[in-house]
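A.B. asks: Here it is, the structure in full.
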Amino acid sequence: MLINWNEIIGIVLAIVCGAGIGLEREISGKVAGLRTNVLICLGAAVFTILSKEIGAGFGDSATRIAAQIVTGVGFLGAGALIRDRGGIHGLTTAATIWLVASIGMACGAGHYTLAGITTALAIGVLFGIPYVSKSIIEQKKQQTDSDTAD
């Protein structure tokens with residue numbers, strides 16, 4: 001068996017990308033943290049590589065296998081959702097699981113630039129949006145307080 005360096009690069013990049021996003025989830029204290037995100041990203045990359053290998057010469061077989069990754073990961077994401085009287089919790093975690101799988105698929109398919117840019121944007125969103133959201137909430141609160149004072 002020959003070593004396919006593109007496949008090795010793809011799975012290593014999947015680990016790095018999954019770890020980058022998983023680290024933010026770990027820092028935020030989410031149950032789907034570092035290990036979970038790395039394993040989802042790595043698994044999606046390996047399934048994509050396998051689907052390319054198995055499906056080679058069989059038309060749409062590779063895309064059918066890849067489509068099942070999306071379905072399986074959707075099931076994982078649904079498991080991250082918690083409904084209680086206060087609403088639904090875990091939506092960001094579920095979305096992150098879904099996104100990490102797509103990044104893993106990009107790594108497995110050899111689309112390294114797409115995987116890297118998507119990871120960087122996701123980390124920016126996960127770290128940055130809470131600050132923007134908090135700022136908006138504070139502005140609304142100040143607006144409400146000034147409206148009630150009048």
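A.B. asks: How many nm separate the modelled label positions at residue 63 and residue 78, each set 7 Å beyond the Cα in the direction of the Cβ?
C.D. replies: Inter-label distance under the simple model: 2.5 nm.
A.B. asks: If I take every Cα pair under 8 Å that is 6 or more residues apart in the range 9-149, average their sequence separation and divide by the length, what percent do I get for the relative contact order?
C.D. replies: With pairs under 8 Å counted, the relative contact order is 29 percent.
A.B. asks: Then there is this: Lysines near residue 30 by alpha-carbon distance under 20 Å, same-chain residues fewer than 8 away left out - which ones?
C.D. replies: The qualifying lysines are 134.
A.B. asks: Between residue 145 and residue 16, what is the label-to-label distance in nm when each label sits 7 Å out along the Cα-to-Cβ direction?
C.D. replies: 4.6
A.B. asks: Right, next: Filter the trypsin sites (Lys or Arg not before Pro) in the range 41-150 to those in DSSP coil with at most 11 other Cβ atoms within 10 Å of their Cβ, and list the result.
C.D. replies: When the trypsin sites (Lys or Arg not before Pro) of the range 41-150 are filtered for loop state and at most 11 Cβ neighbours within 10 Å, 85 remain.
A.B. asks: Only Cα pairs within less than 10 Å get springs; with that Gaussian network setup on the chain, which residue of 82, 11, 137 has the largest fluctuation?
C.D. replies: Most flexible of the set in this elastic network: 137.
A.B. asks: Further question: If you average the C-alpha positions of the range 102-122 and of the range 5-22 separately, how far apart do those two centres end up, in angstrom?
C.D. replies: Value for the Cα centre distance between the two parts: 9 Å.
A.B. asks: Something else about it: Give me the angle, in degrees from 0 to 90, between the Cα long axis of helix 112-149 and the longest principal axis of the Cα atoms of the chain, rounded to the nearest 10.
C.D. replies: For 112-149 against the chain, the angle is about 10 degrees.
A.B. asks: Please give me, ordered by residue number, the chymotrypsin sites (Phe, Trp or Tyr not before Pro) of the range 1-100 that lie in loop per DSSP and have at most 12 other Cβ atoms within 10 Å.
C.D. replies: Filter output for the range 1-100: 58.
A.B. asks: Between helix 91-108 and the chain, what is the angle of the helix's C-alpha long axis to the longest principal axis, kept within 0 to 90° and rounded to the nearest 10?
C.D. replies: 30
A.B. asks: Also, quick follow-up: Quick one: the Cα spread of the chain along its three principal axes, in angstroms, biggest first?
C.D. replies: 76, 29, 26
FYI, it's all coordinate maths here, none of it is from the lab. These numbers come from a predicted model, not from an experiment. Positions of Cβ are backbone-derived with ideal geometry, glycine not excepted, and every protein chain shown enters the neighbour counts.
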